[in-house]
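The values are calculated or read from the model by the stated rules, or taken from the named source; none is laboratory data. All figures in this text were calculated on a predicted structure; none of them were measured in a lab. Here the Cβ positions follow ideal geometry from the backbone for every residue, glycine too, while neighbour counts run over all protein chains shown.
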Amino acid sequence: MTARLVVFVTVATAGVLLQAQTNSYVSPLGHRYTYDTSSETDNQFDGTDRKASKTSFVSGAMQKFKNLEEFVVTLPSDSLMLHHNPPISKSATSERVAEEKHNVMVNAFVYAIQQEADNDYHIILGSDPKRSKKIFFNIEVSGLPDQQSPYYKKLSSIRAYCDKYLGNFIQSGKYHKFQQPILVSVGGSIFYDIDHKPGVVGPAGMRPNTAWEIHPVTFLKFEPKMKPAGQ
């Protein structure tokens with residue numbers, strides 16, 4: 001059974017404060033978390049487009065960036081990827097192209113989350129809320145491959161971690177927008193989403209102007225001092 005987060009009230013810090021219940025604890029930043037084990041999500045990847053790439057990741061070190069602004073300027077242009085030579089295939093066996101064989105880690109804030117029809121979690125990251133001009137970027141906690149996959153253990157740990165802290169916010173086909181964005185460190189392999197044009201994914205006012213993603217996420221840490229998943 002997947003542990004789910006029960007949220008009652010937010011506070012004016014980079015995180016959330018939760019009402020005390022049984023099976024709760026206080027994070028290093030003073031935010032109390034509690035768990036509800038009465039519900040669970042469908043975790044298996046249920047899509048076909050580029051399934052092989054979406055449920056796998058490349059090996060190697062992660063290039064670290066201090067924020068989204070520093071990261072996104074390093075990505076190849078959308079025009080290059082949309083007119084890639086050879087074209088990027090949507091087939092289930094479509095492997096990563098050279099530009100996607102790169103791992104990154106970046107600090108950002110979680111602004112919104114939604115479960116997609118293929119069971120991926122779309123997480124919209126954004127700039128520091130204090131910035132007057134913000135940018136947004138999509139990352140995906142992937143639906144899981146078969147348990148025999150060499151990528152299953154890592155992706156399963158990320159999925160469970162996300163469910164543990166954000167589970168009660170996750171809805172199928174509807175974005176939950178956080179009034180107080182949550183500080184996060186996230187890492188994984190970059191991926192170009194040829195299924196969606198730039199500026200389409202995400203809720204109004206939070207749509208990234210690129211179709212680049214981190215997909216799948218292989219490292220995740222909410223709040224600066226909390227224990228991460230994916231190490």
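What number of residues within the range 77-102 satisfy the criterion of being over 17 Å from ALA52 (Cβ atoms), of a type outside the set (Asp, Glu) and either in contact with a helix residue (DSSP H, G or I) (Cβ under 6 Å, 6 or more places away or on another chain) or outside any loop (DSSP other than H, G, I, E, B) (or both)?
Residues in the range 77-102 being over 17 Å from ALA52 (Cβ atoms), of a type outside the set (Asp, Glu) and either in contact with a helix residue (DSSP H, G or I) (Cβ under 6 Å, 6 or more places away or on another chain) or outside any loop (DSSP other than H, G, I, E, B) (or both): 4 in total.
Does THR210 satisfy being part of a loop (DSSP other than H, G, I, E, B), in contact with a strand residue (DSSP E or B) (Cβ under 8 Å, 6 or more places away or on another chain) and at pLDDT 95 or above?
Yes, satisfied.
Being modelled with pLDDT under 90 and buried (at least 22 other Cβ atoms within 10 Å of the Cβ) is true for just one of LEU155, LEU166. Which residue is that?
LEU166
Count, please, the residues in the range 135-146 that happen to be in a loop (DSSP other than H, G, I, E, B) and within 16 Å of GLY47 (Cα to Cα).
Total satisfying the criteria: 4.
Only residues that are farther than 20 Å from MET62 by Cα, touching a strand residue (DSSP E or B) at 6+ places or on another chain (Cβ under 8 Å) and not aliphatic (A, V, I, L, M): list them for the range 85-124, please.
Correct list: TYR111, GLN114, GLN115, GLU116, ASN119, ASP120, TYR121, HIS122.
Consider only pairs whose beta carbons are under 8 Å apart and that are at least six residues apart or on different chains; among these, list those whose first residue lies in the range 75-99 and is within 21 Å of ASN209 (Cα to Cα) and of a type in the set (A, V, I, L, M) and whose second residue is at pLDDT 95 or above and part of a helix (DSSP H, G or I).
Cβ pairs passing all conditions: LEU80/GLU99; MET81/GLU99; ILE88/MET81.
Report the residue count in the range 113-134 for those that are small (Gly, Ala, Ser) and either surrounded by 15 or more Cβ atoms within 10 Å (Cβ to Cβ) or outside any loop (DSSP other than H, G, I, E, B) (or both).
2
Does the range 141-164 hold any residues that are touching an Asp or Glu at 6+ places or on another chain (Cβ under 9 Å) and within 19 Å of GLU116 (Cβ to Cβ), and which are they?
Those that are touching an Asp or Glu at 6+ places or on another chain (Cβ under 9 Å) and within 19 Å of GLU116 (Cβ to Cβ): VAL141, SER142, GLY143, ASP163.
Residue under question is VAL110, and the condition is that it be crowded, with 17+ Cβ neighbours inside 10 Å and of a type in the set (Val, Ile, Thr); does it hold?
Yes.
What pairs come out if I take residues in the range 165-184 that are more than 13 Å from ALA112 (Cβ to Cβ) and pair them with residues that are assigned to a strand (DSSP E or B) and of a type in the set (Val, Ile, Thr) whose C-beta lies under 9 Å away, six or more apart or interchain?
TYR165/ILE182; LEU183/VAL110
Residue check, SER149 against (1) surrounded by fewer than 21 Cβ atoms within 10 Å (Cβ to Cβ); (2) assigned to a strand (DSSP E or B), all met but one. Which one?
So SER149 meets the others, but not (2).
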